[in-house]
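**Student:** Take a look at this one; I'll ask things after.
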Amino acid sequence: MKWIFYMISAAAFLLAAPLSPDVVSTNDGIILNGKILQENEDEIQFQSSVGVFTITKENVSELIRIQSEEESFKKYKKLKEEKQKEKEKAERQKQKEKEKAERQKQKEKEKAERQKQKEKEK
């Protein structure tokens, strides 16, 4: 039964690895590995492990043509790490803004409590 698990794991690993030397990074953060089949000034026809599809160039943030599988994998990994760092940075910024809003809310609450206390003292 364990061998089934290992076979599925191996298949998943192979599918996650770069298919061929072309890498496309889209504006919405998706990184695709595959093969550019055709290209014109407006769009790219791209084949990946999930099929063939067309991407408009206005949706492409980066297009990389690489000569070797090893170079492709390195570039794919680098792009994925960069996208992850951007995501983490955005999450940290969002957390900072949330904490700042919470501090502001706490200050306003304390100010209101002080005002009530002053009114009681009068």
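**Student:** Against the definition (of a type outside the set (Ser, Thr, Tyr) and surrounded by 11 or more Cβ atoms within 10 Å (Cβ to Cβ)), how does Asn59 come out, yes or no?
**Tutor:** yes
**Student:** Looking for whichever is out of contact with any Cys (no Cβ under 7 Å at 6 or more places or on another chain), touching a residue at least 40 places away in the same chain (Cβ under 8 Å) and assigned to a helix (DSSP H, G or I) here; the options are Lys96, Lys78, Lys87, Lys116. Which one fits?
**Tutor:** Values: Lys96 fails: touching a residue at least 40 places away in the same chain (Cβ under 8 Å); Lys78 fails: touching a residue at least 40 places away in the same chain (Cβ under 8 Å); Lys116 fails: touching a residue at least 40 places away in the same chain (Cβ under 8 Å).
Just a single option satisfies the conditions, and that option is Lys87.
**Student:** Which residue, of Gln47, Gln93, Gln104, is within 16 Å of the chain's Cα centre (by Cα), surrounded by 10 or more Cβ atoms within 10 Å (Cβ to Cβ) and not charged (D, E, K, R)? I'd like the intermediate steps shown before the answer.
**Tutor:** Details: Gln47 fails: within 16 Å of the chain's Cα centre (by Cα); Gln104 fails: within 16 Å of the chain's Cα centre (by Cα).
Result: Gln93 is the single residue among Gln47, Gln93, Gln104 that is within 16 Å of the chain's Cα centre (by Cα), surrounded by 10 or more Cβ atoms within 10 Å (Cβ to Cβ) and not charged (D, E, K, R).
**Student:** Let me ask you something else. Given the condition in contact (Cβ under 8 Å) with a residue 40 or more places away in the chain and assigned to a helix (DSSP H, G or I), answer yes or no: does some residue in region 58-70 qualify? Spell out the reasoning first.
**Tutor:** Pass one, region 58-70, residues in contact (Cβ under 8 Å) with a residue 40 or more places away in the chain: 63-69.
Still in the list and also assigned to a helix (DSSP H, G or I): 69.
Yes, region 58-70 contains a residue that is in contact (Cβ under 8 Å) with a residue 40 or more places away in the chain and assigned to a helix (DSSP H, G or I).
Bear in mind that the values in this text are calculations on the coordinates, not laboratory data. Since the structure is predicted, the reported quantities are computational estimates derived from the model, not experimental observations. Here the Cβ is made from the backbone with ideal geometry for all residues, glycine too, and neighbour counts use every protein chain on show.
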